[in-house]
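Below is one structure, written out as structure tokens; comments come after it.
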Amino acid sequence: MGPPGRNIPDMAPDHRTFSNQLIIELPYLRRFARSIAGDAALADDLVQDTLARALDKRHLYDETRPLRAWLFAILRNLFINGIRKRQQFQVVKTVDDLVDGEDAIAPDQEQGISLRLISDALERLPPQHREVIALVSLEEMSYRDVAEILGVPMGTVMSRLSRAREQLRAMLEVSGTPVLRRVK
Amino acid sequence: MMAENDRMDAWTLHAFADGELEAHERDDVERRLAQEPDARSLLDAVRREKAALHAVYDPILNEAVPPALLAAARTAPQARRAPWMAIAASAVFLTLGASVGWMGARVSGPDELEMMSKRALVAHEVYANDAKHSVEVSAAESDQLQTWLTKRIGAKVVIPDLADRGFTFVGGRLLAAEERPAGQLLFEDESKHKVAVFVTLNANHRDVPMQMEQRGNLWGCYWLDGKFGLAVTGDLPKEEVLALAQDVYDQLEKS
């Protein structure tokens with residue numbers, strides 16, 4: 001049969017193309033992962049698991065649909081399943097926590113702190129609100145793609161988005177974030 | 001609580017901010033904005049929210065991607081799978097012949113893959129248990145069978161050795177698969193259990209990991225590698241059909 005591995009194709013051209021497409025999506029996967037998972041190491045772990053899953057389940061990818069949306073769906077499901085497994089977000093902080101003064105930071109801080117407040121506020125949203133904000137406002141996915149990624153009707157996407165934005169705005173107004181206060 | 005009308009308005013404004021509206025709807029919103037300060041305020045808040053999120057998270061787009069992630073994206077599926085899954089992507093016991101023209105039929109999608117599995121299971125049912133004519137060419141003429149199938153399928157077919165599992169080669173036949181020729185190689189053990197290897201060309205070089213399907217008393221595992229679509233079927237427990245696949249995989253690893 002010849003030397004070991006002689007018959008294993010090194011990397012079929014088709015596989016190389018798919019790998020290259022994944023590599024193009026990596027920055028966006030990392031951004032999305034960071035915005036929903038918060039922690040940078042956890043986010044990159046999610047991206048790594050997403051790549052493994054995508055390569056395994058590649059035959060399930062509908063090539064008429066955007067690759068990024070398919071990858072986001074995988075990543076998002078891994079994240080949600082991870083939450084369920086670890087139950088690490090048992091207590092979801094709400095806007096009331098901020099009103100009570102927990103972690104309150106005085107307004108008029110430098111921009112760095114303002115930015116941190118935004119990511120903190122995003123993390124305080126329940127996961128199903130956080131992900132819809134991340135997908136629409138940050139990743140700029142269409143409502144249709146978001147509905148597919150989350151596996152819910154478009155109307156649900158819109159009502160979640162509306163509520164999520166209300167919550168986010170309320171939190172940031174309470175904490176006096178200059179970035180969100182500034183008009184224009 | 002907002003009134004239903006207000007909620008609809010808020011949805012429209014969100015859709016406007018997110019670029020989801022048609023041109024005429026956008027015009028309508030823009031007209032209304034002039035008279036509705038609350039709507040302007042909500043729209044401003046959404047726009048600031050977007051700008052803020054981009055300010056926080058966009059720098060990630062410019063970060064160097066960790067090498068581990070690049071490596072993961074480049075990893076062929078078989079390298080990460082459990083050993084018995086690795087069989088799916090390797091050429092195992094069938095090796096490509098010298099550039100025989102393998103144009104023509106393709107295995108190009110999950111549906112075709114499922115059809116291949118079904119064909120393999122049905123072919124097993126139809127032929128393997130036929131008392132007199134289970135094979136077209138018997139094991140005694142293995143060389144001729146191998147040459148014939150190689151020529152018709154378009155890539156070099158090598159008959160696997162499953163003797164370690166107690167299966168001896170009975171013979172094989174050419175099948176008319178849906179779009180192209182296929183071969184069936186039949187094996188039998190002492191208690192008359194049958195194992196069939198169904199082989200077709202995978203002209204698209206798609207790699208699809210091994211999957212299992214049951215039909216009646218048969219289990220089949222099927223997959224695509226760079227050159228071949230393959231299915232192993234047997235009137236055996238699922239685990240034994242898998243074990244046969246693993247056995248073949250191990251043979252390759254040690255060769």
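The values are calculated or read from the model by the stated rules, or taken from the named source; none is laboratory data. Just so you know, these numbers come straight off a predicted model, no measurement behind them. Glycine gets a Cβ as well: all are built from the backbone with ideal geometry, and neighbour counts include every protein chain shown. The protein model used for the area step is the full one, side chains on, heavy atoms only, and it has no ligands, DNA or RNA in it. Shrake-Rupley method; radii C 1.70, N 1.55, O 1.52, S 1.80 Å.
Computed with a 1.4 angstrom probe on protein heavy atoms, the B-A interface buries about 5000 square angstrom of accessible area in total.
Per-residue SASA remark: residue B:164, around 140 Å² accessible (1.4 Å probe; ligands, DNA and RNA not included).
Close amide H contacts of residue B:228 (hydrogens built in the peptide plane, cut-off under 5 Å, sequence separation of 5 or more or a different chain): B:202.
Just the number: Rg to Rh for the stretch B:146-193, Cα atoms, Kirkwood Rh, two decimals. That ratio equals 1.04. Inter-chain neighbour count for A:46-55: the average number of beta-carbon atoms from partner chains within 10 Å of each residue's beta-carbon is 5. With the simple spin-label model, which puts each label point 7 Å out from Cα in the Cβ direction, the residue A:17 to residue B:192 separation comes to 5.0 nm.
For a Förster distance of 51 Å, can you work out the FRET efficiency between the beta-carbons of residue B:179 and residue B:21, rounded to the nearest 0.05? Please list the in-between numbers first.
Working: r = 46 Å, r/R0 = 0.91.
Between residue B:179 and residue B:21 the formula returns 0.65.
For the set B:133, A:59, the ranking by accessible area, highest first and with no ligand, DNA or RNA atoms included, is B:133, A:59 under a 1.4 Å probe. If you plug the beta carbon distance of residue B:163 and residue B:71 into 1/(1 + (r/R0)^6) with R0 = 45 Å, you get a FRET efficiency near 0.70. Its alpha carbons considered, the stretch B:110-216 gives a radius of gyration followed by a Dmax of 13.7, 39 Å. In this structure residue B:24 has an accessible area near 130 Å², from a 1.4 Å probe over the protein heavy atoms. The heavy atoms of residue B:11 present about 50 square angstrom of accessible area, all protein chains included, probe 1.4 Å. Ordered from highest to lowest accessible area with the whole protein assembly present and a 1.4 Å probe, B:32, A:30 read as B:32, A:30. Shown here for the stretch B:138-194: trypsin sites (Lys or Arg not before Pro) in loop regions (DSSP other than H, G, I, E, B) with at most 14 other Cβ atoms within 10 Å, namely B:192.
Between residue A:144 and residue B:63, what FRET efficiency comes out of the Förster formula 1/(1 + (r/R0)^6) with R0 = 30 Å and r the beta carbon distance, rounded to 0.05? Write out the running numbers ahead of the final one.
Details: r = 30 Å, r/R0 = 0.99.
FRET efficiency, residue B:63 to residue A:144: 0.50.
Ordering B:161, B:44 by accessible area with a probe of 1.4 Å, largest first, what comes out?
Working: B:161 95, B:44 40 Å².
From most accessible down to least: B:161, B:44.
Summarising the amide proton neighbourhood of residue B:215: residues at separation of 5 or more, or on other chains, whose placed amide H is nearer than 5 Å comprise B:220.
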